[in-house]
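Novice: Before we start, here is the structure in question, set down as structure tokens.
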Amino acid sequence: MILYGISNCDTVKKAKNWLETHNIDYSFHDFRKQGLETETINDWLKTVAWDKILNKRSTSWRNLEPEAQQSVNSENIVALLVKNPTLIKRPVLVVNDTITIGFNSDIYQGIFN
């Protein structure tokens, strides 16, 4: 099981705290520090729509040029996310073939019961 995110994100901190409180072992991958591979994002996109992964409320999104924002589509999203991983909604929890975007304690409870 891998929890993807960035260390200083409040939502990632909530997810980490929830996992630790429930004694669930996980690996943490800080994609700001460690980056992301094209293959990883492609794996996520097999089960999650790209527009669910892209965080349009982020500072990173607001800092993109308007032309870049308007041209985002299914064909260029992987390259954009690899180059700018902070555009990804956080956290991303990968448990076997289940990918969960964001943190919701009820959803996490359902995954681990």
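The values are calculated or read from the model by the stated rules, or taken from the named source; none is laboratory data. On a predicted model such as this, the values are computed, not experimentally measured, just so you know. Counting neighbours? That spans all protein chains shown, and the Cβs are built from the backbone with ideal geometry, glycine included.
Novice: What is the number of the single condition among (1) surrounded by fewer than 18 Cβ atoms within 10 Å (Cβ to Cβ); (2) part of a helix (DSSP H, G or I) that T40 does not meet?
Specialist: (1)
Novice: Pick from R90, R57, R62, R32: which is buried (at least 18 other Cβ atoms within 10 Å of the Cβ) and among the charged types (D, E, K, R)? First the steps, then the outcome.
Specialist: Working: R57 fails: buried (at least 18 other Cβ atoms within 10 Å of the Cβ); R62 fails: buried (at least 18 other Cβ atoms within 10 Å of the Cβ); R32 fails: buried (at least 18 other Cβ atoms within 10 Å of the Cβ).
Sole residue among the options that is buried (at least 18 other Cβ atoms within 10 Å of the Cβ) and among the charged types (D, E, K, R): R90.
Novice: Still on this structure: Residue by residue through region 10-24, note down the ones that are loosely packed, with under 13 Cβ neighbours inside 10 Å and either of a type in the set (A, V, I, L, M) or part of a loop (DSSP other than H, G, I, E, B) (or both). Step through it out loud before you land on a result.
Specialist: Of the residues in region 10-24, the ones loosely packed, with under 13 Cβ neighbours inside 10 Å are 10, 17, 20-23.
If the condition is that a residue be loosely packed, with under 13 Cβ neighbours inside 10 Å and either of a type in the set (A, V, I, L, M) or part of a loop (DSSP other than H, G, I, E, B) (or both), then H22, N23 are the ones that fit.
Novice: Next up: What residue, among those in region 64-113 that are modelled with pLDDT of 95 or more and aromatic (F, W, Y), is farthest from T40 (Cα to Cα)?
Specialist: Checking each candidate, the answer is Y108.
Novice: Another question about this same structure. Could you run through region 44-80 and say how many residues are assigned to a helix (DSSP H, G or I) and farther than 26 Å from N17 by Cα?
Specialist: Final tally of qualifying residues: 15.
Novice: What number of residues in region 72-84 are over 14 Å from K52 (Cα atoms) and surrounded by 12 or more Cβ atoms within 10 Å (Cβ to Cβ)?
Specialist: Going through region 72-84 one residue at a time, the tally reaches 4.
Novice: Take the residues in region 81-113 that are in contact with a strand residue (DSSP E or B) (Cβ under 6 Å, 6 or more places away or on another chain) and in contact (Cβ under 8 Å) with a residue 60 or more places away in the chain, then tell me which one is nearest to L19 (Cα to Cα).
Specialist: L93
Novice: Does region 30-51 hold any residues that are in contact with a helix residue (DSSP H, G or I) (Cβ under 8 Å, 6 or more places away or on another chain), in contact (Cβ under 8 Å) with a residue 40 or more places away in the chain and not polar (S, T, N, Q), and which are they?
Specialist: Pass one, region 30-51, residues in contact with a helix residue (DSSP H, G or I) (Cβ under 8 Å, 6 or more places away or on another chain): 31-32, 35-38, 41-42, 44-45, 50.
Those left that are additionally in contact (Cβ under 8 Å) with a residue 40 or more places away in the chain: 31-32, 35-38, 41, 44.
F31, R32, G35, L36, E37, I41, W44, listed by residue number.
Novice: Additional query: Of the residues W44, W18, W50, only one is of a type in the set (A, V, I, L, M, F, W, C) and more than 13 Å from the chain's Cα centre (by Cα); which?
Specialist: Only one candidate qualifies: W18.
Novice: Between S7, S27, which is in contact (Cβ under 8 Å) with a residue 24 or more places away in the chain and exposed (fewer than 11 other Cβ atoms within 10 Å of the Cβ)?
Specialist: One residue alone meets the criteria, S27.
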